[in-house]
Each structure stands twice: as structure tokens, then as C-alpha cells.
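Novice: My questions will all concern the structure given below.
Bear in mind these aren't lab numbers, they're just calculated from the coordinates by the rules spelled out. Values in this document were obtained by computation on a predicted structure and should not be read as measured data. Every residue, glycine as well, gets a Cβ built from its backbone with ideal geometry; the counts of neighbours run over all protein chains shown.
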Amino acid sequence: MGKSSLFNWLAGRMISIVEPTPGVTRDRVSAVVERDGKYFELVDTGGYGVVDADHLESHVHQQIQLAIESADLVLFTVDIREGLMTLDETIARLLRTGHGEAKRSREHSLNIVGVANKADSPKQFPEAGIFGKLGFGEFVCVSAKNNVNRALLIDTILERLTSVDTTKPVEAAMKIAIVGKRNAGKSSLVNAILGKERVIVSEIPGTTRDAIDIRFEKDGKTIVVIDTPGVRKKGKLTGDIEFYSFVRATSSVRRADVTLLLIDATTPVSQPDKKIAKLIVDEHKACIIVVNKWDLAKNQAVTGQYEEYLTKVLPGLSHAPIVFTTATQTKNVKSMLDLTVEIFKQATTWISTPKLNKALEAIKYEQGVASKGGKCKIYYGTQVAVNPITILTFVNNPKLFDDNFQRFIIGRLGGLLSISEVPIRLVARSHREPSPRPEPVRQSQGKGKHRPPRKR
């Protein structure tokens, strides 16, 4: 019936994966929709009664039930081309009478709007009359594919939400993306952070398919945690669903303020782990390496040994702090979340120009401050951006800023300015160059000579 297409259409952007295969959507996927200064949160759910290829029907149905329980309005979507189906009548009966928690807490109180999707032409609109038998009044005829009646449907939704606050939601103070290979425990960690079963957890690889944004409150601030699909080797992607899942996982890294790279302690660091780490480095994202399932591996290695191992296999993230967790037991999750806030604070630090140049002056007089091509002189520096912290330097010759020299400068600046656990970008510009546009140089985030201990 095209629920995910309808969801993306109303949201105005591609969020849920849309595929002809039934049962693609499993978890609750949400987005905020705005019209004429009024806002509401829209939630996409899995299909009721759809046979799941991995036998996760009970999990999907539970997510649907939870969505209904928390909703102020339900969009009961049918396919006008298919006509009235037996499953439509079953769902209508459940919505009318309620079941489970919905029946006990809000019996007969569900606010329902019928939506007849795939009505590509006004000639089809009369066919929606048959759905009147379901007892929810006249269905709104729309077509997500051909952009028919979007404004009408949104207006109808807002008319039914007159008793609900439709003001603009508070902007998130921080977005956290949890990324990792399949079965590393990302969804378990999300549930541990939230303190409830918000997303489906299963031992079946590839359970999570969409990138799922979930808002929660911490210390009076709104934070968004993003549960992402597990990444596997690109050559092993078996179809469009896995490809789209991979795209959503990587795009989640790009839009996050802090990334949590989840490593499964029970298996060696893999190519997908290294691939995600490289993306994080290339995007200059603040990162915490979260070693999950530590309860199953702690007898095989101590934390110090494992940290040394990660430094060898993930050298580009040697600046990132490491935490050891057991998500299923919520062990060390609160400390991890507190550290995330601290890392975000570091990544968004503005350094005064005098303080920055005092640090650069101190580095200038240290032994070995030279690149292979000759002595590089830094005359002046100023910060131009945060997250990542970006420092524009005026130098005698930008070409002398080789990787080793950059690593040294970044390591010393991090230590002197208390920002050693987040990426720092150096941009070199000749002090004689009249152009106001800086010449970017390649960044290296390898292990710094003066990097402080990583253990947390």
C-alpha cells in the first residue's frame, strides 16, 4: 500500500527505504513535518500481517502497537487499486476495539484518518467509497508517487490535531550516530541509552535497515541518537535493500555531531570496521570507540592490551577515547553518554586567537619542528570553524606541511589546548598570498607524538 512512500512524500525527503519487497520497514522511523508554521511528528511502521523473511513478525507487530499507543492520530493507509482487502478489515477491527495496552489505556479513543493511496487520477477517487464500510468516514485520496493531494492530507492531519501542541520542536543540542558492522550490538546500545525497547534487537544479521532518529532528554537538553544499519563488505551487498541501508549508515556519520564506533569485542576488527573508521576520519568527525560485549571477552584480554590492539588496527582514530560496555546489561552506558557530551564540548570549542598563537609560539621553539622539505615557519593562526575544529595558519610555505609535521602540530595543539580527543584540521596559507581563500592541506589524524592516555 506504499506506507513508506507516503511517509517520505509527507516528510519531503527520502528517509524510509522504499522497495517493492513487502516487509522492508521493521522499526519505527520518524520525521518532523511542517506546514504554515505548524509541526507534527510522523512515524512510519512496518506492515501489519506481512510475512517477514527473517521471521520477525512479532517484533514488527510490537513496534506497530507501541506506535499506536503513543500516537495522537493514526493514518490508516489502504491501496485504492487493490480495493477492500480482508487484512484491511482485520486492521480496522483492531483499531476500532483496541488490543493489548492500547485497549486498557485509551479504549475507543483512537483518532483515525483513512488514507487511500495510489489514487493517481481523480477518476479513481470514487473507488474509495468502498472503504466507508470500515467505519472511519471518508478516506482521503492521495498519490505519493504522482504528488496528488499532499496539501489536503497535511491540512486534514492538522485539523485533527487542534488539541495537540504543534509548535516547532526544540532543536537537538547534539546528534549521536551509532555505527558499526552487523551484529555489533547497535540497537541494544540504543535501547540501553533510552532505557526502553525502542528498536528491534535480534541476533539475525541485518535486522535494522533504516537509519532511525530518536529524540531523548539529558540534563535538560534534547539529544538525537541515530541507530544505523550494520555495515558489511560492499562486495557482499546482496540487493537494493542492503545497498540503501549502507547509504543511510554512511550518511548518518556525515550528519552526526559525534559518532560512536561500535566494535564487537568477541571478533577481530574487520574490514567493515576499518571502512567505517576511515569514513569517520575523512569526515573529521568526533568519535568514541565503544568496545561492546566486553563481558564475553574480558577474560581473554585486559583493557590496556585491547587499546593497544585498536591503536594498531585503527591508527587514524588513535586520538579517540575508548570505552568498554555491555549494552545488554547497560554496563558503562551512562559513563559513555557522559563522555559523549564531553567530546561534543571539545569539538565545539572556540579558542581565542591570543591563546591559539601562544600555543603555536610554544610549539615553534620545540626541538624538531620541521618538515622533510625544510623548516616550516608558522607566523600566525586563527580558528575559523568548529566540529571539526579548523585552524587557519599563515606560513612561509604551505607545501612544507607534510603528514609528519601535521601530526606533530595537531598532537601538540590538542594537548596544549585541551582538545586532544577530537579531530583538528590544519589549513595552511602563505603569508604572502593575497587571496582570502585558504589553501587546504591533507589532514592526518594518526597517532600524535604527545597524545595523552586514551583509557576511560
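Novice: Could you grab the pairs with beta carbons closer than 9 Å, sequence gap of 6+ or different chains, first residue in the range 315-326 and on the phi < 0 side of the Ramachandran plot, second one surrounded by fewer than 24 Cβ atoms within 10 Å (Cβ to Cβ) and of a type in the set (F, W, Y)?
Specialist: I322/Y306; F324/W294; F324/Y306; T325/W294; T326/W294
Novice: Continuing with the same structure: Could you name every one of the helices (runs of 4 or more DSSP H) located completely within the range 270-352 that has at least 3 residues being under 21 Å from K221 (Cβ atoms) and of a type in the set (S, T, N, Q)?
Specialist: The qualifying helices (runs of 4 or more DSSP H) are 333-347.
Novice: Which is surrounded by 13 or more Cβ atoms within 10 Å (Cβ to Cβ), without any contact (Cβ under 8 Å) to a residue 40 or more places away in the chain and either assigned to a helix (DSSP H, G or I) or of a type outside the set (S, T, Y) (or both), of G411, G381?
Specialist: Every option except G381 fails the conditions.
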